[in-house]
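Values quoted throughout were computed directly from the atomic coordinates according to the rules given, and no laboratory measurement underlies them. On a predicted model such as this, the values are computed, not experimentally measured, just so you know. Counting neighbours? That spans all protein chains shown, and the Cβs are built from the backbone with ideal geometry, glycine included.
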Amino acid sequence: MDDDEKRYPEFRLRLPNGEYARGRVLSEKGMNGSAKFLILSGSPVRKETLPGTGQYATAQREALMADGAIRESQRWPGYLETTRDVECNSPSAAASVVVGRGSDALSEWRTEEDFPLVDYLGRSWRLPRKAWLVRGSNVSGRDLVKRLWVPEGWVTLAATHLPPVAEDEPTKSVLRRYVQEGYDATASYSQKQAMADELHYFLTQMRTGDTLCTISDGRLYVGEILGRAEQTESEGALSNLRRRAEWRPVGIPYDELPEALQQKLSAQHDVVDLTSVLSLIEGLGRTDEELVKEAVERDPTEEIPAITARREPELPTPTDKLAEELLVHQTDWLHEVRDLLADERQLVFYGPPGTGKTYLALKLAEFFGGGPEQVKLVQFHPSYAYEDFFEGFRPQEDPQTREVAFRLTAGPLRELADLASREGSRHIPHFLVIDEINRANLAKVFGELYFLLEYRNKSVRLTYSGDDFALPPNLFVIGTMNTADRSIALVDAAMRRRFAFVELSPRTEPTRGLLRRWLAKQGKDAEPADLLDALNSRVDEPDFRIGPSYLMKKGVYRDGGLERTWRTKILPLLEEHHYGEGVDVEKRYGLAVLRESLG
């Protein structure tokens, strides 16, 4: 076995027929600086070259076929096959030869255990400075933060059974071998996976000058990495891996930390990448004035990331103009809705059909979010599931190969959460409007996200991707709920606790006088409003009263429009309500009867 075979495992790339091409990484570099790659003899090769394949890959395929290195396969009809090992300039070039198209070779070439090629290559580009959480307050029951890290200037990992690591900056694949060797009998598969990730962070990804965080006794301590990683024997084997560090002597109470930072700190790992909240960490313990003074001394034109990052999302104050536009009876009612959203961040408009729930939800979301770009609408229904709403595996067609495969796909909530949490957008309110929120099985749709609706400062491990996820502080949810359908009118206590509920009903404002205000604004006669009030006075159950939206359409005010709407929209609703009761709906709710009652 040569050195390359010892250093790298065999990689496989799956073709549309379900078979695998096989290959190995070579230590020699290709023309573009990437490691060369060897396609092994007897590997299947796609016959056709698809549009969009690079000229070099196309020419190489043609040359290999002319040379006899690739020929018709006897084992796989309709495919070609390599007759000898084929050396390529890079893993990408090798993948293009095999599949006849461009590809993401670093993720498509995988080991038999399904680890991607990227895990076996050297370190990639990284940000100049990063931030890390390393836990040390409970290492085999001992608080090393107070005992060792802060007083003596260290940050450590136990690495109790880790064999001596020979490489200076080992790749993740190398660390997996070390972990397998040292922890084979003492850790589960998932524990070994997590340990390899954490060791890769500590030994390879961390750099001198990076920011450190740790938690002890309900306080966050902040420090800086001063040196390279060392492996040594330690007392009780509690700190065999260590780096020199300098810590601030005083910690910051956990409850005083920004919510976005608390979310990242709640991830259940011993080493966590906190780079996305580095600006928040840099601003801890310092006022805006101190940060501005420091920035002015350094560069007065420089933006101050710590101040930008700590800005809280603010909802605009509703105006009299907005109340007039929405035909709301009082601006104070809009102020109350704003306050509920600011406090709860989740709100449901509920009431009978036709009360303007969805319209109002969208208009308010656009006003509070600053425009339609920050608003996403979702319609729930009985077959809606977690995979549709958040993330799941869905069939998708490759635009180049036209092949269909199941791929992990983000749903509307994940997309909006990612948009809201982008740097520079974290202070801008984003809104998810869920129409007919109670038509779906909410526990099934929300899954573990139900927890996050109540505990916004926490994160959870996602079911499919395995990512640690938290709802951004600037993500708000407005739902609408139709109470007329008895099968969906009730919601469980868990939802009641997580959402504020605001009634939109013909018996209360702003819905009660909405039609009358709209008619006055349009310069129309008030008779439709009088008729609707008379109708609803005869409906005993509030959830089945008729909303004004049915009579706020242009078609109602054409010749015969009111009679047509009454006959085809309103009376059928009441027929369904009184089904089986023997009520003559026309005699009780018909236009002629109501007009007669009004004189």
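Okay, here's what the table says:
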| quantity | calculated |
| --- | --- |
| Cα-based radius of gyration of segment 322-469 once divided by 2.2 N^0.38 Å, which approximates compact folds | 1.18 |
| Projected label distance in nm at Ser140 and His269, using a 7 Å step from Cα toward the beta-carbon | 2.5 nm |
| Sorted peptide list for 158-164, 60-66, criterion being average Cβ within 10 angstrom, highest first | 158-164, 60-66 |
| Which listed pairs, of Lys357/Lys569; Lys357/Lys458; Lys321/Lys363; Lys321/Lys521; Lys521/Lys554, have C-alpha distances above 21 Å, in listed order | Lys357/Lys458 |
| For the chain: relative contact order, % (alpha-carbon pairs under 8 angstrom, 6 or more apart) | 10 percent |
| Estimated dipole of segment 149-283 in Debye, rounded to 20 [Cβ of Lys and Arg +1, of Asp and Glu -1, Cα centre] | 220 debye |
| For the chain, size of Cβ-based charge dipole, Lys and Arg +1, Asp and Glu -1, in debye | 680 debye |
| Hydrodynamic radius by Kirkwood, which averages 1/r over all alpha carbon pairs of segment 462-589, in angstrom | 17.6 Å |
| Cα-based convex hull volume of segment 172-219 per residue, rounded to whole Å³ | 102 Å³ |
| Principal axis dimensions, largest first and in whole angstrom, of segment 220-264 by Cα | 38, 21, 19 |
| Diffusion coefficient, µm² s⁻¹, Stokes-Einstein with Kirkwood Rh over alpha-carbon pairs of segment 34-87 at 25 °C and 0.890 mPa s | 211 µm²/s |
| Selection from Leu162, Ala361, Thr565, by position along the positive dipole direction of the chain (Cβ) | Thr565 |
| Estimated FRET transfer efficiency when R0 is 25 angstrom, pair Thr319-Ser425 (beta carbons, to 0.05) | 0.55 |
| Value of relative contact order over segment 140-236, rounded to a whole percent, pairs C-alpha under 8 Å and six or more apart | 23 percent |
| Overall dimensions of the chain as given by Cα atoms, namely Rg and Dmax in Å | 32.0, 102 |
| Mean Cβ count within 10 Å, highest first, over the residues of peptides 221-228, 522-529 | 221-228, 522-529 |
| Student exercise, segment 377-480 dipole from Lys, Arg, Asp, Glu Cβ charges, in Debye to nearest 20 | 220 debye |
| In Å, descending, principal axis extents of the Cα set of segment 433-519 | 53, 30, 20 |
| Label-point separation in nm, Gln379 to Thr287, each point 7 Å along Cα→Cβ | 5.4 nm |
| Contour excess over end-to-end distance, with Cα ends at Arg567 and Glu448 and 0.36 nm allotted per residue | 38.2 nm |
| Positive dipole terminus of the chain, leading residue within Pro318, Pro249, Gly141 (C-beta point charges) | Pro318 |
